[in-house]
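The values are calculated or read from the model by the stated rules, or taken from the named source; none is laboratory data. Quantities reported herein were computed from a predicted structural model and do not represent experimental measurements. Here Cβ is always computed from backbone atoms with ideal geometry, including for glycine, and neighbour counts include all displayed protein chains.
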Amino acid sequence: MTAGPLLAIVVPTFNERDNILPLIESLQDPLRDLRWEVVFVDDDSPDGTAALVRAVGGDDSRVRIVQRIGRRGLAGACIEGMLATTAPYVAVMDADLQHDARLLPEMLRALRDEELDIVVGSRHVEGGSLGGWDEGRRLVSRVATRLSQLMLKADLKDPMSGFFMLRRDVIDEVVRNLSGIGFKILLDIFISARRPLRFKELPYTFGVRVAGSSKLDSMVATEYILMLLDKRIGRYVPTRFIPFAFIGGLGVFVHMAVLFVLFRGWGQPFVVGQTAAALVAMTFNFFLNNFFTYRDRRLRGWGLLRGWVSFTLACSVGAVANVGIATYLFHATPAGGPWWVISAVAGIIVGAVWNYAVTAVYTWNPKDAAASAR
Ligand code: GDD
Ligand code: MN
């Protein structure tokens, strides 16, 4: 019988093929006296990252893979990697060698010898640095850091770090509360803990990416806000309902603009204007939701046409329900007073919830999205 690893390094990957061997190599020397393993969590990268990891793992049992199909997301990948190992100590680090593997032994020592729950590789404590970041990215990072510190009870200098190590029992404690949305798994862990976590930040210098390209794009900011939102209200409302309803609100403006042009401007019959306006607004909403709300399940190619049809059908039924309920309430409540507004709002809420629920299942079904991604 061989004992399992003491330390697992969880490495989320998406198109990191050329970084796999250098990363494994960078672990060898710092971890030479330890029982360790590295768990790559790959979201089915088209570049064949998972196949390469399997090939390496065939010769080295310390190298393991979790391959996820039809899903994307850094935080979610980290969570599944942490759950896939038996090791009592778990670290998370990027594949591109921007995190300094030489810090790992010191992190582990601190975690074992001191009364700590988590050790964070930090760019913002004495001795740490952002390396070659330009002013723009430094600024964005600073704003996001400030925002997160508002929600954190801990005085963490680098809550955006993707490089940290924690004890198994801390994972067990928080894992069911994690949002798992977006990039900020560390922040997620800190906010999800029901008590202040005992932490320590160790300085390191953020390196330059070795090969491949960064996956951090403009959507990361949106996902970041979604994650913070989810922390605040996710218990009461599905997080995606917020952008969905917001986009629905924008759709009302689009509708009114089209109606205005056709009916008032061009003198078309009202029913023509209203029908065209509804179609344009639904199409507008479909594309915006496909781009933002369901970014991770985005429909493409023929899926787009199928999605548009199902979205339009669902929303048409939603509109009928909206008008039906509003009209019923309007007649069932006393004349005068605020009742006409309350009736209208009730119709809108029922319509919006219907549209959200039906399109979440039929238009942006996770299984279809996985199929259309290939
Ligand atoms: N499985 C999986 N799925 N992995 C992903 C995904 C995904 O959707 N997106 C990114 N990754 C992996 C990358 O392959 C890489 O190993 C790691 O996550 C970090 O991604 P990068 O694209 O290199 O991110 P970065 O360097 O811009 O951002 C890093 O620094 C930030 C600090 O500002 C990350 O460590 C962030 O977590 C960190 O906040
Ligand atoms: Mn990187």
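Points to keep in mind about this one:
- Only a single item in (1) within 23 Å of Pro238 (Cβ to Cβ); (2) surrounded by fewer than 14 Cβ atoms within 10 Å (Cβ to Cβ) is not met by Tyr356, and it is number (2).
- Helices (runs of 4 or more DSSP H) completely within the range 159-243 that count 2 or more residues being surrounded by fewer than 19 Cβ atoms within 10 Å (Cβ to Cβ): 168-174, 219-233
- Here Gly251, Gly265 are screened, and the one residue that is more than 24 Å from Val143 (Cβ to Cβ), within 26 Å of the chain's Cα centre (by Cα) and not charged (D, E, K, R) is Gly251.
- A single member of Val125, Val143, Val120 is within 16 Å of ligand 1 (Cβ to nearest atom), more than 17 Å from the chain's Cα centre (by Cα) and in a helix (DSSP H, G or I), and it is Val143.
- Test result for Val38, surrounded by fewer than 19 Cβ atoms within 10 Å (Cβ to Cβ), among the aliphatic types (A, V, I, L, M), outside any loop (DSSP other than H, G, I, E, B) and touching a Leu at 6+ places or on another chain (Cβ under 9 Å): no
- Every test in (1) more than 11 Å from ligand 1 (Cβ to nearest atom); (2) closer than 23 Å to His124 by Cβ is passed by Lys184 save one, and that test is (1).
- Count of the range 73-83 residues which are away from ligand 2 (no atom under 16 Å from the Cβ) and touching a residue at least 60 places away in the same chain (Cβ under 8 Å): 5
- Within the range 56-111, the residues that satisfy the criterion of being assigned to a helix (DSSP H, G or I), more than 12 Å from ligand 1 (Cβ to nearest atom) and out of contact with any strand residue (DSSP E or B) (no Cβ under 7 Å at 6 or more places or on another chain) are Gly58, Asp59, Leu83, Ala101, Arg102, Pro105, Arg109.
- Cβ separations smaller than 6 Å between residues 6+ apart or across chains give the following pairs from the range 229-241 residues that are within 20 Å of Leu187 (Cα to Cα) to residues that are among the charged types (D, E, K, R): Thr239/Asp230.
- Test for Pro12: is it in a strand (DSSP E or B), within 16 Å of ligand 2 (Cβ to nearest atom) and either more than 20 Å from Gly76 (Cβ to Cβ) or touching a Leu at 6+ places or on another chain (Cβ under 7 Å) (or both): yes
- The range 128-178: number of residues that are of a type in the set (S, T, N, Q) and modelled with pLDDT of 85 or more: 2
- Residue in the range 40-50 that is within 16 Å of ligand 2 (Cβ to nearest atom), touching a Phe, Trp or Tyr at 6+ places or on another chain (Cβ under 6 Å) and among the hydrophobic types (A, V, I, L, M, F, W, C) present: no
- Of all residues in the range 179-217 being away from ligand 2 (no atom under 16 Å from the Cβ) and of a type in the set (Ser, Thr, Tyr), the one that is modelled with the highest pLDDT: Ser192
- Within the range 200-228, residues that are on the phi > 0 side of the Ramachandran plot have Cβ atoms under 9 Å from residues that are modelled with pLDDT of 80 or more and more than 12 Å from ligand 2 (Cβ to nearest atom) in these pairs: Gly212/Arg17; Gly212/Asp18; Gly212/Asp47, counting only partners at least 6 apart in sequence or on another chain.
- Pair list, Cβ < 9 Å and 6+ apart or interchain, from the range 86-115 residues that are within 16 Å of ligand 2 (Cβ to nearest atom) to residues that are modelled with pLDDT of 95 or more and of a type in the set (Ser, Thr, Tyr): Asp94/Thr13; Ala95/Thr13; Ala95/Thr49; Leu97/Ser26; Asp100/Ser26; Ala101/Ser26
The rows are residues; the columns are (1) in contact with a helix residue (DSSP H, G or I) (Cβ under 9 Å, 6 or more places away or on another chain); (2) in the same structural domain as Ile349 (by TED's automatic domain parsing); (3) in a helix (DSSP H, G or I).
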site: Ala245; (1), (2), (3): yes, yes, yes
site: Gly248; (1), (2), (3): yes, yes, yes
site: Gly251; (1), (2), (3): yes, yes, yes
site: His255; (1), (2), (3): yes, yes, yes
site: Leu259; (1), (2), (3): yes, yes, yes
site: Arg264; (1), (2), (3): yes, yes, yes
site: Gly267; (1), (2), (3): no, yes, no
site: Val272; (1), (2), (3): yes, yes, yes
site: Thr275; (1), (2), (3): no, yes, yes
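- Residue satisfying all of: in the range 322-335; among the hydrophobic types (A, V, I, L, M, F, W, C) and under 20 Å from Gly251 (Cα atoms); surrounded by the fewest Cβ atoms within 10 Å (Cβ to Cβ) among these: Val323
- Looking only at residues in the range 288-321 that are surrounded by 16 or more Cβ atoms within 10 Å (Cβ to Cβ) and among the charged types (D, E, K, R), the one that is farthest from the chain's Cα centre (by Cα) is Arg298.
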